[in-house]
Structure formats: structure tokens, C-alpha cells
Amino acid sequence: MVQMIGRKKLIAAVSVIVALVLIISVFAIAKTLLPSKSADSSETSSKDAPSTSDEDNDTNAPVSPSPDTTVPEVATESPVDPSTVATVDIEPVTLTVSYSKGVGGFDFEVLRTPSGTRYVQFSSPKLVGTKCTDDKGAFASIIEKPTADESTTLAKTTTVDGTAYGLSLAESTCTSNSDLLKQYQDAFSKPFSLLKKT
């Protein structure tokens, strides 16, 4: 009788252990399946999220740069009110140069670089300083068909009837009045896009 009770306990204990092993196995299998499902779903959501943000970025990318690139162009051209601009014809290079009214008197001469490039040099006696030998008060030059080396020194460029022109601004090392130099340079720089053939 005691042996029967011992066997029944043993069978019950083995049954409980087998049941526990089965339950643990089921949970283990379920856990391995569940993470892959959640990984799939997270992959799907992460794929959806980047594609949405990519679409957002694609949508924003053209929108952001175009105002950024448009704003400087508008800012460069819109401030030029024709009523505030005067012009001077420079016959040797057949150009009409625009400049802001009220800048004061200036001179110009057509010169050539050692490499043969023609340019118009603008100067004012008001800008002549004592720091440089033979200073003529030059404040800006318009270079016709600038070379690659000359292009690195240009503040602005434009093309008129297929010919490239560049605006070069003088350094403030020679002048005795850097504020007046800036006024002259701004007067020629702002309306530079209005450059045209005579």
C-alpha cells in the first residue's frame, strides 16, 4: 500500500515535471515567434517612418532651397529701384554702367592687364590716401572676360550679350576713408546686374 502511494506520487511528480517542461517549451517557442513578429512589425513601422520622413524631407528639400536660392536673387535685384539709379556710358567698351545716385563724383579709365584683359577702373579723388604710392583712389573695376585667376578676386559676375563681366572691389588698404570707400563700392555693386551694352 505504501509502495502504491509512493508510485502514485512519483507518477504525479513526473507528470507535473513533464507538464512544466511542456509549458516552458510552449512559452519559449512563443517568445521566439513573438519577437520576430514584433521585429517584423517594427521593421514595417520603421520602413514606413523613414519613407514618410524621406517624403517629408523630399517635400521640404525642394521647398527650403528654392526660397533660399530665390531670396538672395530677389534681394540682389529687388532693392534696385530705377529712380535711385543713374548710368554712365563707357564708349571704349560699349557698356552702360549703373550706379546709385548721390554717390558723388568719380572718374573712370579703360585699361588692360598684363595678360591683355580689358577692364574699366573707377576712382575718386576723395578716396586717395597716403598709405600707398601713387594712389589714385580706385574703388572698383569691371573686368571684361575675366580669366580663371581673375575670377577668384571678383565680388560679382554677370553676362551681357554672351560676354562675361566681373566686378572687382578694391581693398581698403590704401584709402584714408574706408566708410566712403564702402559707399562707393555699394553704389556700384548693388545695381551691377543692370550692366548692359551701350
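The values are calculated or read from the model by the stated rules, or taken from the named source; none is laboratory data. Keep in mind that what you see is a predicted model, and the values were worked out from it rather than measured. Heads up, the Cβs are rebuilt from the backbone with ideal geometry, glycines too, and the neighbour counts pull from every protein chain shown.
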message = So in the range 112-157, with the set limited to residues that are within 26 Å of the chain's Cα centre (by Cα) and polar (S, T, N, Q), which one is modelled with the highest pLDDT?
response = 157
Residues of the range 98-126 satisfying the condition of being out of contact with any Asp or Glu (no Cβ under 8 Å at 6 or more places or on another chain) and closer than 13 Å to residue 194 by Cα = 98, 99
inquiry  = If a residue counts only when it is surrounded by fewer than 20 Cβ atoms within 10 Å (Cβ to Cβ), which strands (runs of 3 or more DSSP E) contained entirely in the range 112-194 have at least 2 such residues?
reply    = 118-123, 156-160, 163-169
ask   = Which condition number in (1) part of a strand (DSSP E or B); (2) touching a residue at least 40 places away in the same chain (Cβ under 8 Å) is the one that residue 86 fails?
value = (2)
